[in-house]
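Below is one structure, written out as structure tokens, with a few remarks after it.
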Amino acid sequence: MSAPPTSSTVTPHPDPPTGVVGFTAMADGTAEDYALLDRHERAHARGLADRVLVALGALSDSLGGYRVTRLEHSLQSATLARREGADRDWVVAALLHDLGDELAPSNHGAYAASILEPYVREEVTWVVRHHGVFQAWYYAHHLGGDRHARDRYRDHPWAELCEQFCERWDQAAFDPDGPIDPLSSFEDDVRAVFARTPWDPAVVGPGAGRLV
Ligand SMILES: [Fe+2]
Ligand SMILES: [Fe+2]
């Protein structure tokens with residue numbers, strides 16, 4: 001497996017804007033100040049895929065106890081999705097679904113869903129946001145919890161998708177001897193997703209409601 005990217009190995013976008021605003025309180029900002037900030041924000045947004053790749057790489061040193069690292073789990077999840085023929089939205093969702101383990105351990109599905117939501121289909125975001133409660137089916141009863149907690153979503157149109165996502169690409173992706181494609185092999189997909197226009201109605205609407 002190739003070394004995961006780090007903040008020092010990702011190339012910053014060329015020609016970032018320069019300069020700072022004149023205000024110290026936003027109420028005092030001018031049109032020129034906000035035009036400058038808009039250019040900074042657009043340049044920053046162009047670096048999103050790089051930052052996502054760096055954050056994924058950092059999962060190589062994360063939650064322990066499993067036979068694979070969090071990065072390997074994420075890669076195996078995306079690898080399984082890709083090898084089943086899943087499209088780009090699902091592959092990138094599988095790759096990112098546990099990205100929140102580092103900073104949002106009690107709400108990690110919502111963390112990843114928030115990153116993906118402006119760039120992927122509606123049901124993909126929903127599945128990532130709710131995968132934690134569906135995944136609990138596999139272990140909650142061993143810890144005195146309710147493995148049936150996912151039943152509260154039984155009538156939701158994307159519930160079956162989330163169940164299948166967990167069954168095929170999440171709970172099954174903890175095998176050090178299973179397929180684990182390198183992070184570099186997913187870079188084009190990550191860059192393509194985050195190069196989309198955020199909240200494009202042609203992208204973020206509901207799809208066919210299938211994993212593959
Ligand atoms: Fe998860
Ligand atoms: Fe997972």
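Just so it is clear, none of the values below were taken in a lab; they were calculated from the coordinates. Note that this is a predicted model, so its numbers are computed, not measured. So basically every Cβ, Gly included, is an ideal-geometry build from the backbone, and we count neighbours across all protein chains shown.
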>> Could you work out the relative contact order of segment 45-199? I mean the mean sequence separation of Cα pairs under 8 Å and 6+ apart, divided by the number of residues, in percent.
In response: 31
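Kirkwood Rh over Cα pairs of segment 118-212 into Stokes-Einstein at 4 °C, 1.567 mPa s: D in µm²/s?
Numbers: Rh = 15.1 Å.
Value of D from the Cα-based Kirkwood radius: 86 µm²/s.
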> Given a cut-off of 29 Å, what percent of all Cα-Cα pairs of the chain lie beyond it?
Replying inline: 31
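Taking every pair of distinct Cα atoms and averaging 1/r, then inverting, what Kirkwood hydrodynamic radius in Å comes out for segment 124-165? Intermediate results must be reported in sequence, preceding the final value.
Working: mean 1/r = 0.0973 Å⁻¹.
Answer for segment 124-165: a Kirkwood hydrodynamic radius of 10.3 Å.
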>> Give me, ordered by chain and number, the residues 5 or more places off Y119 or on other chains with an amide H under 5 Å from its own placed amide H.
In response: W199
> Can you list the HN-Hα couplings for segment 180-190, worked out from phi with the Karplus curve (6.51, -1.76, 1.60; θ = phi - 60°), rounded to whole Hz and with x for Gly and Pro?
Replying inline: 9, 6, x, 4, 4, 6, 9, 4, 4, 5, 4
> In segment 47-118, which trypsin sites (Lys or Arg not before Pro) fall in coil by DSSP and have 12 or fewer other Cβ atoms within 10 Å?
Replying inline: R67
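Return F194, F23 ranked ascending by Cβ neighbour count within 10 Å, so the fewest neighbours appear first.
By the 10 Å Cβ count, ascending, the order reads F23, F194.
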>> From the phi angles alone, apply the Karplus equation (6.51, -1.76, 1.60; θ = phi - 60°) to segment 59-74 and give each ³J(HN,Hα) in whole Hz, x where the residue is Gly or Pro.
In response: 5, 5, 10, 9, 3, x, x, 8, 7, 10, 6, 5, 5, 4, 4, 5
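I'd like the chymotrypsin sites (Phe, Trp or Tyr not before Pro) in segment 107-148 restricted to DSSP loop residues with at most 12 other Cβ atoms within 10 Å, sorted by number. Mind dumping the intermediate values first?
Working: sites: Y111, Y119, W126, F134, W137, Y138, Y139; in loops: Y119, Y139.
Here the sparse-neighbourhood loop sites are Y139.
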> What net charge do the residues around P176 carry, taking every other residue with its C-beta under 10 Å from that of P176, with Lys and Arg at +1 and Asp and Glu at -1?
Replying inline: -2
> Which whole number in µm²/s is D for segment 33-104 by Stokes-Einstein, with the Kirkwood Rh taken over Cα pairs at 4 °C and 1.567 mPa s?
Replying inline: 94
> Can you work out ³J(HN,Hα) from phi for every residue in segment 200-212, in order, using Karplus 6.51 cos²θ - 1.76 cosθ + 1.60 and θ = phi - 60°, giving whole Hz and x for Gly and Pro?
Replying inline: 5, x, 6, 10, 8, x, x, x, 6, x, 10, 6, 9
